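Where a number appears in this text, it was derived from the coordinates with a stated rule and is not lab data. These figures come from a predicted structure and were not determined experimentally. Virtual Cβ from ideal backbone geometry, glycine too; neighbours counted across all protein chains shown.
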Amino acid sequence: MASGKTVTVKQIRSSAGRLKAHKSCLRGLGLRRIGHVVTVEDTPSTRGMINQVHYLLSVEGAE
């Protein structure tokens, strides 16, 4: 991450049986399995993906 704010996202629930679009959002965020943690840039597009699958995630702001 070059500059700007970042967000730390952790997958806390399974993607099994979810909508295809929701699974795509998880892949777009770089999440692969329960307990996987990634740090992504805080952009409107990533916020949109996080909001769509908020029920599967735990989100923390990181600087």
remark   = Residues of the range 2-29 being within 18 Å of Arg47 (Cβ to Cβ) and either among the hydroxyl-bearing types (Ser, Thr, Tyr) or without any contact (Cβ under 8 Å) to a residue 12 or more places away in the chain (or both), in sequence order, are Ser3, Thr6, Thr8, Ser24, Arg27
request  = State whether the residues of the range 40-60 include one that is in a loop (DSSP other than H, G, I, E, B), at positive phi, out of contact with any His (no Cβ under 8 Å at 6 or more places or on another chain) and of a type outside the set (Lys, Arg).
outcome  = no
query = Is it the case that some residue within the range 27-34 is of a type in the set (Gly, Ala, Ser) and more than 9 Å from the chain's Cα centre (by Cα)?
reply = no
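Say whether the condition of being part of a helix (DSSP H, G or I), surrounded by 14 or more Cβ atoms within 10 Å (Cβ to Cβ) and either in contact with a Gly (Cβ under 7 Å, 6 or more places away or on another chain) or of a type in the set (S, T, N, Q) (or both) is met by at least one residue in the range 1-20.
No, the conditions are met nowhere in the range 1-20.
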